[in-house]
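Below is one structure, written out as structure tokens, with a few remarks after it.
Derivation of every value follows stated rules applied to the coordinates shown; laboratory data play no part. Computed from a predicted structure; not experimentally measured. Virtual Cβ from ideal backbone geometry, glycine too; neighbours counted across all protein chains shown.
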Amino acid sequence: MMKEDAQIDGELTTVMYHYVRQIKNSNYPNLKGLEFDGFKRQLDFLSSNYEVISADQLIGYVTGEVNDFPKNACLLTFDDGYKDHIEYVLPELLKRKMNACFFPPVQPIEENTLLDVNSIHFILASATDPTQLFNDLLKELRLRGFSETFLNQSIAKLAKPNRYDPAEVIFFKRMLQKELPFELRSEITTILFDKYVGKSEEEFSKELYMTTNEIQNLIQSGMYVGSHTYHHFWLDSVDEVIQEQEIDRSLKFLQKVGTQTEKWIMCYPYGAYNNHTIEILHRKNCAIGFTTKVGKSSLDPKLTFEMNRFDTNDFPQ
Ligand SMILES: [Zn+2]
């Protein structure tokens, strides 16, 4: 077999995690996340069915520095910089001598802000009735002059259930995560966060995300930390200038915490990117880009900026 063929050989199973914590007996028993016990069982399942690899092994292979790659390779990825990752995830990984990648967005960590997406998760976890929430959102939109025609069109377009959520919840998430103008989304999210969760965003941010020191602690423990941008925007909805700023500011943070900014890994917020993003990553010596498309990934060097990930829910827990 020729070397070029050998290099495009192989595939990778990547697993994506978000919240990993004790959920049932917590203040937010309805939070959509992975129970700590399920996480431990899943690590045991993965380690007996796959070879869990490190980011360095993957980067080495796709950049052609290393020729060996395990057949059943599996990579673990943890998005969004939650305290869960230092509290629950890290000790279990260390116990099993496993490696993993972590992708914290910078702004919540450095400025104690709360990402709208997380605000929405905790509003949903605190609301007992999705219809009430749906109506609250419509009320806020009517107050701001949105017409019934616009509301009905938006409902028809967005209120479609998926494999995790009913139609009303999907509508709520889509409107507040992407559809409405950015300032308006933040304004309405803040009002509803106050109504349903009842804590200040700053206080809540400190509880939810790791500190810079905790991220350094991950790195010192042998874990990989990569870019998840600064503000956690949908990169396909902002122009290339903003995209580059988002990436540059996150690389600055990676330098600060002491991780490499040559042959690094990008994790697109919401899995969203476009051709501009890929062009920027090429220029910045990025090695790999992770999407949220579900499936195994080819290790073809032409496709390393569009690598798939499974969700933790795709495996036994
Ligand atoms: Zn994210």
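Structural remarks
- Within a Gaussian network of the chain (alpha carbon springs, distance under 10 Å), most fluctuating of Glu51, Glu87, Glu183: Glu183
- Acute angle (nearest 10 degrees) that the helix 148-158 long axis makes with the longest principal axis of the chain, alpha-carbon atoms: 30 degrees
- Helix axis angle, 130-143 relative to the chain longest principal axis, alpha carbon, degrees: 70 degrees
- Förster-model FRET efficiency, 30 Å R0, Asp239 and Leu158, C-beta, rounded to 0.05: 0.80
- Residue-wise HN-Hα coupling along the range 171-176, computed from phi with Karplus coefficients 6.51, -1.76, 1.60 (Hz; x: Gly, Pro): 4, 4, 5, 5, 4, 8
- Binned Cα-Cα distance frequencies in the range 26-114 - 5 Å width, integer %: 3, 11, 19, 20, 18, 14, 9, 4, 1, 0
- Set of lysines with alpha-carbon distance to Lys206 below 18 Å, sequence-local pairs under 8 removed: Lys83
- Prolate/oblate/rounded call for the chain, Cα gyration tensor, a/c under 1.5 rounded: prolate
- Between the range 243-317 and the range 30-106, the alpha-carbon center distance in angstrom: 15 Å
- Translational diffusion of the range 116-203, µm² s⁻¹ [Kirkwood Rh, Cα pairs; Stokes-Einstein; 10 °C; 1.306 mPa s]: 121 µm²/s
- Ranked for footprinting exposure by Cβ neighbours inside 10 Å, fewest first, Val238, Val62, Val294 give Val294, Val238, Val62.
- Nearest-20 debye value, the chain charge dipole, Cβ charges on Lys, Arg, Asp, Glu: 520 debye
- Packing rank of 297-303, 24-30, where each peptide gets the mean count of other beta carbons within 10 Å, highest leading: 297-303, 24-30
- For the chain, the longest principal axis of the alpha carbon atoms and the long axis of helix 116-126 meet at an angle near 60°.
- Considering only Ile247, Ile155, Ile120, the mean-square fluctuation computed in a Gaussian network model of the chain, springs between alpha carbons under 10 angstrom, is largest for Ile155.
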